[in-house]
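These notes are about the structure you will find just below.
The values are calculated or read from the model by the stated rules, or taken from the named source; none is laboratory data. Just so we're clear, the structure is a prediction, and the values are computed from it rather than from any experiment. Cβ: placed from backbone, ideal geometry, glycine included. Neighbour counts: every protein chain shown.
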Amino acid sequence: MTILDEATKKEVSKIFSGMKDPVTLVVFSRDDTIAIPGRECPTCKDNESLMKEVAALSDKITCTVFDHVKDVAKAEEYGIDKIPATLVLGFRDHGIRMYGVPAGHEFSTLLNAISVVSTQESGLAPETKKALLELTKPVHIQVFVTLSCPYCAPAVMLAHRMALENDHITADMINAQEFPVIAQRHNVYAVPKIVINGTIQFEGALDESSLLQKVMMTVTT
């Protein structure tokens, strides 16, 4: 079963024509022929199929799939603790992650991640880039989304762009509907909900300077 229709494939192919460096989509999935109670992943195959279809639209994109159970060492290497998971890698790991299927409004998030990693251009303001250089300790940005939320994708894209600028930053898109337990743990009642290093939490999509201010709070906390 294909996920993308022909019209979408043509539009995405046009977007990918601007790619420069190669990109690898690293997917963590599950072998659905092996049933492990409590570790089911009903959307893993859909995510895997989507990533393979997207990768097929450009010779600069490859898709590598790992089984989260069988390939434990790889999961630990990348710090993957839930699935489905997709990492967007260039010549190195920029900390750009997506947990859950990036469909709906989040499909644009996937395309944007591929674009910024390939071009190595975050599009952030010079003052933002300069400020982010001050970060010397790990910063983990989690953006909780739903696929029907029009404000969520820009919030995730901004977090991903910041991750591109500093290797200390890891930025996650997390589909709150696919990971309800995690969403409940972080009191996600509205989206986008952004959690930084587990302690700085707020709702709503912020502009670049406002999110930067929140991220820079990690320097003193």
Just need a number here: residues in segment 143-152 that are out of contact with any Pro (no Cβ under 9 Å at 6 or more places or on another chain) and surrounded by 24 or more Cβ atoms within 10 Å (Cβ to Cβ). 0
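On the basis of being in contact (Cβ under 8 Å) with a residue 24 or more places away in the chain and among the polar types (S, T, N, Q), does ASN197 make the cut? Reasoning before the result, please.
Details: in contact (Cβ under 8 Å) with a residue 24 or more places away in the chain: yes; among the polar types (S, T, N, Q): yes.
Yes, satisfied.
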Regarding segment 164-173, can at least one residue be identified that is among the charged types (D, E, K, R), surrounded by fewer than 23 Cβ atoms within 10 Å (Cβ to Cβ) and touching a Leu at 6+ places or on another chain (Cβ under 6 Å)? yes
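Residue-by-condition table, conditions (1) closer than 15 Å to THR109 by Cβ; (2) out of contact with any Phe, Trp or Tyr (no Cβ under 7 Å at 6 or more places or on another chain):
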| site | (1), (2) |
| --- | --- |
| VAL143 | yes, yes |
| CYS152 | yes, yes |
| MET173 | yes, no |
| GLU178 | yes, yes |
| ALA190 | no, yes |
| GLU208 | no, yes |
For segment 44-140, which helices (runs of 4 or more DSSP H) that fit wholly inside it have 2 or more residues that are polar (S, T, N, Q)? 44-55, 107-119
Look through LYS70, LYS60, LYS137 and report the one residue that is in contact (Cβ under 8 Å) with a residue 12 or more places away in the chain and either within 28 Å of LYS193 (Cβ to Cβ) or among the small types (Gly, Ala, Ser) (or both). LYS137
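May I ask you to list the residues in segment 179-194 that are under 15 Å from the mean Cα position of the chain (by Cα) and surrounded by fewer than 21 Cβ atoms within 10 Å (Cβ to Cβ)?
Initially, segment 179-194 is screened for residues under 15 Å from the mean Cα position of the chain (by Cα), giving 179, 192-194.
Of everything in segment 179-194, just one residue is under 15 Å from the mean Cα position of the chain (by Cα) and surrounded by fewer than 21 Cβ atoms within 10 Å (Cβ to Cβ), namely PHE179.
Check segment 207-220 and report whether any residue there is in a loop (DSSP other than H, G, I, E, B) and either in contact with a strand residue (DSSP E or B) (Cβ under 9 Å, 6 or more places away or on another chain) or buried (at least 16 other Cβ atoms within 10 Å of the Cβ) (or both).
From segment 207-220, those in a loop (DSSP other than H, G, I, E, B) are 207, 220; that's our starting set.
Among the residues that remain, those that are also either in contact with a strand residue (DSSP E or B) (Cβ under 9 Å, 6 or more places away or on another chain) or buried (at least 16 other Cβ atoms within 10 Å of the Cβ) (or both) are: none.
Scanning segment 207-220 turns up no residue that is in a loop (DSSP other than H, G, I, E, B) and either in contact with a strand residue (DSSP E or B) (Cβ under 9 Å, 6 or more places away or on another chain) or buried (at least 16 other Cβ atoms within 10 Å of the Cβ) (or both).
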Looking at (1) of a type in the set (A, V, I, L, M, F, W, C); (2) under 21 Å from CYS63 (Cα atoms); (3) out of contact with any Leu (no Cβ under 7 Å at 6 or more places or on another chain); (4) surrounded by 19 or more Cβ atoms within 10 Å (Cβ to Cβ), can you tell me which one VAL101 breaks? (3)
Please state which of the following conditions GLU40 fails to meet, knowing it meets all the rest: (1) within 18 Å of ILE182 (Cβ to Cβ); (2) in contact (Cβ under 8 Å) with a residue 40 or more places away in the chain. (2)
Here's a check for you: in segment 194-206, which residue that is part of a loop (DSSP other than H, G, I, E, B) and in contact with a Ser or Thr (Cβ under 7 Å, 6 or more places away or on another chain) is modelled with the highest pLDDT? ASN197
